[in-house]
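First comes the structure, then the notes that go with it.
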Amino acid sequence: MFGIQRIMVLILLASSRLLAAEQLTVAGPDNKISFHVFMKNDSLFYRISYESRDVVEASPIRMSLDAKAITDKVKIGKAENYQLNEAYPWYGAHAVARNRCNGSKISISRGALHYTLDVRVFADGAAFRLIVPGKPEAKRIADESTVFRLPAGTTAWYHDLYMHYEGEYARKNMDTVKAGQWAAPSVTFRLPESEVYLSVTEADLKNYGGMALQTDGHRGMVLRLPQSQPTSYPFKLRYSAEDVFRLSQPAAIAGTIATPWRVVMVANGLNALVNNDIVHNLCPPPDPKLFPQGIKTGWIRPGAAVWKYLDGGGEGTLETMKEYSRQASELGFKHNILEGFWKKWSDNELKSLVDYSREKGVHIWLWEHSKNLRDAKTRQAFFRHCHELGISGLKIDFFDHEAKEEIDLYQSILRETAELKMMVDFHGANKPTGQERTWPNELTREAVKGMEASKLKDRAGHNVTLPFTRFAAGHAEYTPVHFGERRKNTTWAHQIASAAIFSAPLLTYSASPEHLLANPAVEMIKSIPSVWDETVVLPGSAIGEAAVYARRRGTSWFLAVMNGATPKSFDIALSFLGSGTFSALEVRDQEGNPAAVVLGKGSYDKNGTIRLTLAEGGGFIAKFDVYE
C-alpha cells in the first residue's frame, strides 16, 4: 500500500526567469509557509514566513571550505523546481508519515565555484542544505555559521552541551539572552502572542559533523560544527586527552560535500509540533535489499523491554536473566536488555538464555561500549559472533560527541548490523536526525536526560517539557516508569502515563519486571503499546506545565496526562473517541499518597468529559475500548 517508490516527482525547469535572480521564493503546498532566498550586503541570506509573517527573520547562510567563504560575493542562478508527494509506514506519533513538499535546487556561483542550495518547503516547516561538488579524491574542510534569527518577543526552550544531549531544558526570552550560550538541538521556540511554535534541528546527518547552536545576543542562534563546540563532560570523562584533541579538529570530507538538512519546523499549536514528519521525510527510504518490507521487515520488532539496571533485580546471573525473560513474557514484553555483566558469561550461558527466552517470545539484547567497536575488523567480528549466538539487538553506549568520526561510526554500525538482521539501541548518543527511516533497525536512541538522572529534582517539570522539545526530533530512550525514589516529585500514575507519552519503538522500562507485575496497575502497563496509529495533543498541554495526550492503537484509545510542578485542574473532552460507547480502565492518583494508585472503570462516548484535579507531578491514564 505504501510502496517506498510511490513518489511523484515533477521537475520544472525555470532557467530563464531565475537567471541571475536577486530574490527567489519557494512556497509550501498550501502556500502558508514560504522560504525566501536573497542577497544582502553582497552575501547569501534567507528568511522564512508563515501566513505572511516572518518566523525566521533575514539571516545569513554562511559556509566556508578550507577557511575560505563560499557564501559571500555570490550570484543566484537558475532553479530546478520539484515536488514530492508520498506516504510511508512509520513508528512514531502515527502509523503513516506523509511527505508532501515543494522543492527547489538553486544554482549558486562564486567565481568559478558552482554549487546548489537545495530547499524544501512543507505545510509544516522548511529545510535547506548546500551541495558543493568535488572530485572523489579531493578532501576539504567545511565549516558553517548560518544564523536562525527569531522575531522579537520569542520564547525558547533549550539546554547546553555540558552533558552532551542529556541536559535539563530552561525557558529563555530571546530578547534578553546574551551571546555565547550553547544549545543542543532540537530547540523549541514559541512566537510572541501566538500558538505558533518552531523547532530548529538538522536531518539526514551523515558524512559530516553534527550541528549545535550558539546564541549571538541578537535573537539569533548560530550553527556551529564540532570543531567549534566545547567537548562534553561525558566524553572527557571516558576518553583520553588524545581522543579529545583529535575529535576537536575539523574533519576533512572527500568528494562532493552535502550538508545535513537545516530544519525549521513551523507548527500552529503543540499537536502540529508533535505530529511533524519533516525530520524523517528528509532522509532516504530504507534499502529494499536490506529491508524488503521497509520498516515492516519481519526481524524489526517494536515492543517493550525489561532492563536490569536501575531497580535492583538481583545478581546478573543466567538464572536471574531467565527469570527476567519469563517475567517479560508474562508482561507481554518482547525484549530483555542485558547490561555489561553479560561479559562474564560463557557463550553456552548466553546461548542458553537466548534459547529459553525465544521459547517465551522474548529477544535478547547485549550492551557494548562504542570504544570497543572503532576498529572495523573487531567490530564486525563482534557483530557476527552475537548473530551466531542468536542475539537480536545491541545497546551501544558512550559516543558522547558529534565529530564526523562518531557520525561515521553510527553509519557503519547501522549498516553492518542490518546486514546481520540485528536491531540497535544507541545510548550516550547524539540527537536523532531521521536516519531511523533509512535504517529502521535503529529502534531508539537516548540523547535525553531520562530516568538514569538520579539527581534531577524537578522531574515533573522536566517530564512535561520533553514531549515538546527533545521528542520533536524523534524517538528517545528515557527508560520511563519507576516506582521508587528516582521518580522524585511525580506520582505512580504520572510514571505509568509517561510510558504512553515517552514512546519509542523499543520502549525500555526502568522498573524491574517484578515491581511492574506487583503494581496494582499492571493490566494497564501490559496494555501500553510502544508504537501508535494516531496521536492528538489535547488542550491543557503547555510546555513545562502539562502534557495531555490522546493516542490510538488499533481500535483502542489511551488518554495519558502528566502534570508539572504546579497543581492544576483539567476538563478533558473525549471528542477524539470514535462513534459508539467505550468501556474504560482508569488509573488515578491516590490523594495524599504519591506512591499509590486508584483503579477505576467507566463508560464513555465522544460527548463525555473527564475532570481531573492533579497535584504536583500528578498523573492519569485511561484505556478506552469499544463495547462489543
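Remark: relative contact order (the chain) = 11 percent; criterion is Cα-Cα distance under 8 angstrom and separation of 6 or more residues.
Per residue, the Cα convex hull of the stretch 173-304 amounts to 194 Å³. Measuring between their Cα centroids, the stretch 291-357 and the stretch 83-143 lie 39 Å from each other.
Taking label positions 7 Å along the Cα-Cβ direction at both T581 and F341, the computed distance is 5.0 nm, reported to one decimal.
Give the aspartates and glutamates whose C-alpha is closer than 16 Å to that of K344, dropping any in the same chain fewer than 8 places away, or say none. Result set, ordered by chain and number: E315, E319, E368.
Roughly speaking, what is the stretch gain from L237 to E485, that is 0.36 nm per residue apart minus the C-alpha to C-alpha distance, in nm to one decimal? Numbers along the way, then the final one.
On the way: separation 248, 0.36 × 248 = 89.28 nm, distance 2.65 nm.
Using 0.36 nm per residue and subtracting the Cα-Cα distance, I get 86.6 nm.
When peptides 343-354, 519-530, 467-478, 491-502 are ranked by their average number of other Cβ atoms within 10 Å per residue, the highest-first order is 491-502, 467-478, 519-530, 343-354. With kT/(6 pi eta Rh) evaluated at 25 °C and eta = 0.890 mPa s, and Rh the Kirkwood radius from Cα pairs, the stretch 495-593 diffuses with a coefficient of 166 µm²/s according to Stokes-Einstein.
Compactness ratio for the stretch 387-427: Cα radius of gyration over 2.2 N^0.38 Å (N = residue count) comes to 1.21. What angle do you read, to the nearest 10 degrees and between 0 and 90, between the alpha-carbon axis of helix 404-419 and the longest principal axis of the chain? Relative to the chain, helix 404-419 is tipped by roughly 60 degrees. The residues of the chain have, on average, 38 Å² of accessible surface per residue, using a 1.4 Å probe with all protein chains present. In whole Å, what is the distance between the alpha-carbon centres of the stretch 40-70 and the stretch 269-288? Cα centroid of the stretch 40-70 versus Cα centroid of the stretch 269-288: 24 Å apart. Each Lys and Arg adds +1 at its Cβ and each Asp and Glu adds -1 at its Cβ; summed about the Cα centre, the stretch 496-628 shows a dipole of about 140 debye. Considering only alpha-carbon pairs that sit under 8 angstrom and 6 or more positions apart, the relative contact order computed for the stretch 290-405 is 23 percent. Here the label points at L420 and E388, each 7 Å from Cα along the C-beta direction, are separated by 1.0 nm in the simple model. Quick one: with all protein chains in place, what share of the accessible area of the stretch 53-149 is carbon or sulfur, to the nearest percent (1.4 Å probe)? The computed percentage sits at 49. Computed in the context of the full set of protein chains, the accessible area of the stretch 501-628 at 1.4 Å probe radius has 48% of its extent on carbon or sulfur.
The angle separating the long axis of helix 318-331 from the principal Cα axis of greatest extent in the chain is about 90 degrees.
Here is the P(r) of the stretch 559-628: all C-alpha pair distances, binned every 5 Å from 0, give 4, 16, 27, 24, 15, 10, 4, 1 in whole percents. If R0 is 41 Å, the Cβ-Cβ spacing of Y627 and N593 corresponds to a FRET efficiency of close to 0.80.
Note on A179 and F38: the extension gain reaches 48.2 nm, defined as 0.36 nm multiplied by sequence separation minus the Cα-Cα distance. For the stretch 367-478, with all protein chains in place and a probe radius of 1.4 Å, 49% of the accessible heavy-atom surface sits on carbon or sulfur. One chain, two ends: A27 and M163. Fully extended at 0.36 nm per residue, the span grows by 45.1 nm beyond their Cα-Cα distance. Using the rule -39500 (n - 2.57) for each DSSP H run of four or more residues, divided by the residues of the chain, the 222 nm mean residue ellipticity is -5000 deg cm²/dmol. Taken along the Cα-to-beta-carbon direction at a fixed 7 Å, the label points for A95 and Q83 span 2.8 nm. Taking the alpha-carbon centroid of each part, what is the distance from the stretch 228-245 to the stretch 577-628 in angstrom? A separation of 47 Å, based on Cα centres. Cross-linked pairs K360/K455; K73/K431; K334/K371: Cα-Cα separations exceed 30 Å for K360/K455; K73/K431.
Normalised by 2.2 N^0.38 Å, where N is the number of residues, the C-alpha radius of gyration of the stretch 262-393 stands at 1.32. For the stretch 341-456, the C-alpha radius of gyration divided by 2.2 N^0.38 Å, with N the number of residues, is 1.09. Based on every Cα atom in the chain, Rg and the maximum pairwise Cα distance Dmax equal 24.4, 74 Å.
The value given for the stretch 157-211 is a Kirkwood hydrodynamic radius of 12.7 Å, derived from the mean inverse Cα-Cα separation.
Rounded to the nearest 0.05, what FRET efficiency do T320 and R246 give with R0 = 60 Å and r taken as the Cβ-Cβ distance? Could you check?
The pair T320/R246 has a calculated efficiency of 0.90.
The values are calculated or read from the model by the stated rules, or taken from the named source; none is laboratory data. Nothing here was measured: the structure is a model prediction, and the numbers come from that model. Here the Cβ is made from the backbone with ideal geometry for all residues, glycine too, and neighbour counts use every protein chain on show. Remember, those area values only see protein heavy atoms, side chains included, never the ligands or the DNA or RNA. Shrake-Rupley method; radii C 1.70, N 1.55, O 1.52, S 1.80 Å.
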